[in-house]
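The values are calculated or read from the model by the stated rules, or taken from the named source; none is laboratory data. Here the structure is a predicted model, which means the values were calculated and not measured. Here Cβ is always computed from backbone atoms with ideal geometry, including for glycine, and neighbour counts include all displayed protein chains.
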Amino acid sequence: MTKLQTGYIIFAVLTVLVFITTSSVSVTLGFLFLFGTPLFFMKALPAYSTHLNYFNKYLFLLLCTFIFVFLITPILIIMPLSFNAEPYFTFTEGMLTFDSAAYSFRWYQDIFFNGMIDPAATGAAWWSDMWENAQWVRSTRNSFFIAICATLLATGLGTLAALGLSRAEMPYRAAITSLLISPMIVPLVITATGMFFFYSDVGLAKTYLGVILAHTTLGIPFVIITVTATLSGFDRSLIRAAENLGADGWTTFRKVIMPLILPGMISGALFAFITSFDEVVAVLFIADVEQRTIPRQMFSGIREQISPTILAVATVMVILSIILLGVLELLRRRTERLRGVTPA
Amino acid sequence: MQDSSTTTPETLVTADGVPLKQKLIQSTRRARWRALLLTLPLVIFVLVSFIFPIGQMLLRSVNNDTASNVLPNFTIAIQEWDEQGLPPEETIELFVKDMQVAREKREIGKTVGNLATRINYEIPGSRSLFTSSSRKLAKVTEGPYTEALLDINKKWDNPVLWRSLKRATNDYTPYFYMAALDLKYDDEGNITEADELYQIYVSNFFKTLRLSATITFICLLLAFPVSYLLSTLPLKTSNLLMILVLLPFWTSLLVRTTAWIAILQTEGIINDILVFIGLVGEDGRVQMIYNQTGTIIAMVHILLPFMILPLFSVMKTIPPSYMRAASSMGAKTFTAFRRVYFPLTLPGIAAGTLLVFILAIGYYITPALVGGEDGLLISNLIAYHIQKSLNWSLGAALGSLLLAIVLILYWLYNKIVGIEKLSFG
Amino acid sequence: MKIKHFLATSALTAGLALAASAQANEITVVSWGGAYTKSQVEAYHKPWVEQTGNKIVSEDYNGGIAEIKAQVEAGNVTWDIVDVELSDAIRACDEGLLETIDPGILPAGADGTPAEQDFIEGTLHECAVANIVWTTIFAYDSSKIADGPTTMADFFDLEKFPGKRGLRKGAKINLEFALIADGVSAADVYDVLDTPEGIDRAFAKLDTIKDQVVWWEAGAQPPQLLADGEVAMTTAYNGRIFNAVAGEDKPFEIVWDGHIWDLDLWVIPKGTPNKELAMDFLAFSTATEQLAKQASYISYGPARKSSAPLVGKFHNKDIDMGPQMPTAPENLTNATQNNFDFWADNADQLNERFNAWLTN
């Protein structure tokens, strides 16, 4: 019998013991999941390993399992809670026994109804009312408008600067890089305070442009970092080849550089987009109710009345994040393919 | 470097007769300019939208021209006053007239109310003295003005008040930095420590630093094993597990904070589970939120990915053969870890720790939502002064001090790790 | 100011698509949200919109004048009329942030009394017109505490009534309550508080319950805290508790002892482009009938004397609103008005001390 098999047997005995002492299926299942997952991932160690080595390895994997559970639980927990039929953050009896009456879509409906003048209307009136007045719909429109504008600005300017920064001849590289990355390092509350004063003075506070400029600033470091990283693996002789063949600067950029750094640009743009989409501190300082974004709406929701509508919106946003993550992963694979590096 | 004037006819020249060396220098210079030009739009943008506002905020923390705006003539006259007894009659006449003009014009930012607020910072309780006196001063048309003022309110017969007014007419004042460091002017105008009961900022700076350090340390403890695991697993598995790290990283901070409220509150999930297993009774539900525990748990969760990502990217580059070599030379696992592996991860640790620490210092939304009375950190106080008490200069002074701390850390980070090494996933 | 103009223009262009919905005949009315805003929407907004054909955008905020100050100083006023507390109205007026309001525009009472006599004394100001009298009381869940507390001292008595307490995060009201619980009568509370010993005494009293306090910040939180069982009793705005009782059948009880009442007033930020409309709305909403109508949606007392006799029952239940008002004689036995002068002078300093006390 191998040492690993001994482990399986001990675990099986323990599980039975847990079931006998608690006589609860859910506790046993929880035990099985938490303590069984690391065991499942255990592999045979080198032949000279002792029982203690095996046990240590198991403990290590167990620890990692706990940390991963810690990381992901809050994300998973909001999904079922957003279908709660009651206006609370707790799992009701009915939810635990999978009573269908305990679940509902009311908080998803509330995303549309909250703020509407007449949610009972029908047809075109309902649609225009929803589009104009529903608070969450309005903040979603604002969030997208602001995030898209900020992303375009940050990506455009950021890519240009990254092109300069990655040139061998670039003077004061360290100083300029530090400068351009500083919005990420300076605590948000300070940035927001400074912008609040300045933007108020020049009449930019409480305007869409003000919020867009603020979010552009916050997104720039991400674009710089990702695009410079892509450019560092870039074969510069390709540019000289293009120039030799008679291409002017713009053509070289469009036909040679751009396709190669596009994945970096897009992933930088995604970072910038999410930064803006998730940002609340600058919005709190600079924006007016008219520019209210989703996070700002969530913020007042959490402060003023705790309703599961926030969780419903959050669930939608988590799904959005998963889609974006998928896009990022696909892009990463594409970059690797383009560079001719295959995953090990 | 050789001086270009020493070129001799034998040096290589280009087709147009310019020495090659000179041409080279020229073209390098052009290339440098071109590179610089590419970054120029963004540099200007960041300077205008970011650096300049912050500089302006620094200025606001020492510059407050309320008093000289409201009382322009008095400001000039009071400088002559020797600070003994009351100012002379002519000066007080100017004071009364300036007050009357300010009340008449009600110009935004230059009203008696603004002045009253400014002086009230230094002498609490003097606000209503200014506003109510200004209403009554409207009827005073002739001297002696000192007498008229004292008739309106006896409190004007106080040299401390006039000394404070004189100080306030100076547009540049260290007062707000003093307040941010729990200092104040005493009655004689010397700088002393504020009353213990009103001291809040210095201890709060330390509290914020302590809390940030605790959070950073816990993040490091949790991130190390996970990053190690991720870096040793085959790419396919580690990419899958990486999603567990990146998903929370990309999920809205407010959403995660809300989730923690749902998990930790008295009627929340953890307490429900504890009651369900029978570890605690229905009455013994544990208070895990609206206190420091709640802050730490939620903040660690929010910042953990910022520690895992840099650690992971460093650990990925350490060949596993190093540890095997150490073991084969007889080192115990722990010794091999301490002497070989750990030192190699130091750049990652430095990057992660400083990033997490700086971010932790600046967060204020999460502590405000889940921290209860322990959630009052220096960033909250800054936000409080900007948005609620409207003492913008004090908010700016606190912000500048916080910025100084962060810049020192940033400088250290740059020194140890190099800012170019920063990368994500 | 060329750059300002340029930036404003470009901001305008950028926001054009979204701003298209904001037409000229529209005002933004800002208030405190929740049940309170709802009562105003029913009593003021809907009839006004119906009568004039104009539109109203209703926004919520959490009090304070930071927003008004920022808008007015930047010369970019988007809030047309705002519901503020008295101390804020006075400070904002002193700092020149508000339009002055001519009491002549206010309609006479239903019985013909001129507006200036019809409004309760102290509710008309240079820059503000009061609409309601509200108050901070404390409340408890009668299904959980059978033999409930009756005095402010009971609120601070952890032995007699164990359990967590909800208090608003801030010095205002808490210091007054602490002194009243310590035996000072409501009428004398500001005299005592105006001395250093009085302040020490108030903080010492707060010390006795400090580690049992859950701090709230927004008006909607206290009913939530009571309903969730997070606290045994909590201070709250009386209207919020009343609405939880009347609207959601919650078993909450209000204790009227030692309450500190205050005014909510309409103010108009200086430089609003819709000044005329805002003034019109202000005059309309503070007429006898509207104020009385509002009282049938929330238990806040109308600021006009002529409205009091018109106050009837809750809009959809058989509850007499009269006894629910902070101004009802039986509720005023041990109560006082919030002293705005005291707080204008001492708010900065006392909040500083409060914050220091909170964190140490």
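Quick notes
- Among the residues of segment C:147-169, some residue qualifies, meaning at least one is within 14 Å of chain B (Cβ to nearest Cβ) and among the small types (Gly, Ala, Ser).
- All helices (runs of 4 or more DSSP H) inside segment A:78-171 with 1 or more residues being within 27 Å of the chain's Cα centre (by Cα) and not polar (S, T, N, Q): A:106-113, A:123-133, A:135-165
- Of all residues in segment A:182-214, those satisfying the criterion of being touching an Asp or Glu at 6+ places or on another chain (Cβ under 9 Å) and surrounded by fewer than 24 Cβ atoms within 10 Å (Cβ to Cβ) are A:Leu188, A:Ser200, A:Asp201.
- Test for A:Val283: is it surrounded by fewer than 21 Cβ atoms within 10 Å (Cβ to Cβ), of a type outside the set (Lys, Arg) and more than 9 Å from every other protein chain (Cβ to nearest Cβ): no
- Of the helices (runs of 4 or more DSSP H) lying entirely inside segment B:330-398, those containing at least 3 residues that are within 11 Å of another protein chain (Cβ to nearest Cβ) are B:342-362, B:365-370, B:378-387.
- Tallying residues that are surrounded by 12 or more Cβ atoms within 10 Å (Cβ to Cβ) and more than 29 Å from A:Arg138 (Cα to Cα) within segment A:94-122 yields 5.
- Considering residues of segment C:333-351 that are over 18 Å from B:Ser128 (Cβ atoms) and more than 17 Å from the chain's Cα centre (by Cα) only, the residue surrounded by the most Cβ atoms within 10 Å (Cβ to Cβ): C:Asn334
- Segment B:250-263, residues that are surrounded by fewer than 23 Cβ atoms within 10 Å (Cβ to Cβ) and either more than 9 Å from chain A (Cβ to nearest Cβ) or among the β-branched types (Val, Ile, Thr) (or both): B:Ile261
- Within segment C:173-186, the residues that satisfy the criterion of being part of a loop (DSSP other than H, G, I, E, B) and either touching a helix residue (DSSP H, G or I) at 6+ places or on another chain (Cβ under 6 Å) or farther than 27 Å from B:Ile289 by Cα (or both) are C:Asp182, C:Gly183, C:Val184, C:Ser185.
- Consider segment B:272-291 and keep the residues that are of a type in the set (A, V, I, L, M) and in a loop (DSSP other than H, G, I, E, B). The one that is surrounded by the most Cβ atoms within 10 Å (Cβ to Cβ) is B:Ile289.
- Candidate set: segment B:125-179, residues that are of a type in the set (Val, Ile, Thr) and assigned to a helix (DSSP H, G or I); chosen: the one farthest from C:Glu126 (Cα to Cα): B:Val160
- Set B:Ile191, B:Ile119: member being surrounded by 15 or more Cβ atoms within 10 Å (Cβ to Cβ) and in contact (Cβ under 8 Å) with a residue 12 or more places away in the chain: B:Ile119
- Verdict on B:Leu303 being under 25 Å from the mean Cα position of the chain (by Cα), more than 9 Å from chain A (Cβ to nearest Cβ) and either at negative phi or at pLDDT 80 or above (or both): yes
Okay, residues lined up against (1) more than 22 Å from A:Leu231 (Cα to Cα); (2) out of contact with any Pro (no Cβ under 8 Å at 6 or more places or on another chain); (3) within 14 Å of chain B (Cβ to nearest Cβ):
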site: A:Phe112; (1), (2), (3): yes, no, no
site: A:Asn133; (1), (2), (3): yes, yes, no
site: A:Asn142; (1), (2), (3): yes, yes, no
site: A:Ala154; (1), (2), (3): no, yes, yes
site: A:Leu157; (1), (2), (3): no, no, yes
site: A:Met184; (1), (2), (3): no, no, yes
site: A:Ile190; (1), (2), (3): yes, yes, yes
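- All of A:Thr335, A:Thr252 fail the test of being more than 10 Å from chain B (Cβ to nearest Cβ), in contact with an Asp or Glu (Cβ under 8 Å, 6 or more places away or on another chain) and farther than 30 Å from C:Val77 by Cα, apart from A:Thr252.
- Sub-7 Å Cβ pairs linking a first residue in segment C:306-326 that is over 20 Å from C:Phe119 (Cα atoms) and in contact (Cβ under 8 Å) with a residue 24 or more places away in the chain to a second residue that is part of a loop (DSSP other than H, G, I, E, B) and of a type in the set (D, E, K, R), at least 6 apart or interchain, number zero.
- Of all the residues in segment B:218-244, those that are hydroxyl-bearing (Ser, Thr, Tyr), within 9 Å of chain A (Cβ to nearest Cβ) and farther than 14 Å from B:Thr345 by Cα number 1.
- Answer residue from segment C:201-250, given it is aromatic (Phe, Trp, Tyr) and either within 14 Å of chain A (Cβ to nearest Cβ) or not in a helix (DSSP H, G or I) (or both) and is nearest to the chain's Cα centre (by Cα) among those: C:Tyr237
- For segment A:288-323, a residue qualifies if it is crowded, with 24+ Cβ neighbours inside 10 Å and outside any helix (DSSP H, G or I), and the qualifying residues are A:Thr293, A:Pro308.
- Residue in segment A:32-40 that is within 23 Å of B:Pro234 (Cα to Cα) and surrounded by fewer than 13 Cβ atoms within 10 Å (Cβ to Cβ) present: yes
- Listed by position, the helices (runs of 4 or more DSSP H) inside segment B:2-94 whose residues that are within 14 Å of chain A (Cβ to nearest Cβ) and in contact (Cβ under 8 Å) with a residue 12 or more places away in the chain number at least 1 are B:20-46, B:52-62.
- Condition check for A:Phe198: within 29 Å of B:Thr208 (Cα to Cα), more than 27 Å from the chain's Cα centre (by Cα) and not small (Gly, Ala, Ser): yes
- Helices (runs of 4 or more DSSP H) lying entirely in segment C:42-101 (those with 3 or more residues that are buried (at least 21 other Cβ atoms within 10 Å of the Cβ) and under 15 Å from the mean Cα position of the chain (by Cα)): C:86-94
Residues are listed down the side, and each one gets a yes or a no for (1) more than 17 Å from A:Ala314 (Cα to Cα); (2) not β-branched (Val, Ile, Thr):
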position: A:Ile77; (1), (2): no, no
position: A:Pro80; (1), (2): no, yes
position: A:Gly94; (1), (2): yes, yes
position: A:Asp99; (1), (2): yes, yes
position: A:Asn114; (1), (2): no, yes
position: A:Ile117; (1), (2): yes, no
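- With respect to the conditions (1) in a loop (DSSP other than H, G, I, E, B); (2) touching an Asp or Glu at 6+ places or on another chain (Cβ under 9 Å), C:Glu159 lacks only one, and its number is (2).
- A:Arg141 farther than 28 Å from A:Ile212 by Cα and either in contact (Cβ under 8 Å) with a residue 60 or more places away in the chain or basic (Lys, Arg) (or both): no
- When B:Gly362 is tested against the conditions (1) at positive phi; (2) in contact with a Pro (Cβ under 8 Å, 6 or more places away or on another chain), the lone failure is (1).
- Cβ-Cβ under 6 Å pairs, at least 6 apart or on other chains, segment A:259-281 side closer than 23 Å to A:Thr293 by Cα, far side charged (D, E, K, R) and assigned to a helix (DSSP H, G or I): A:Val280/A:Arg296
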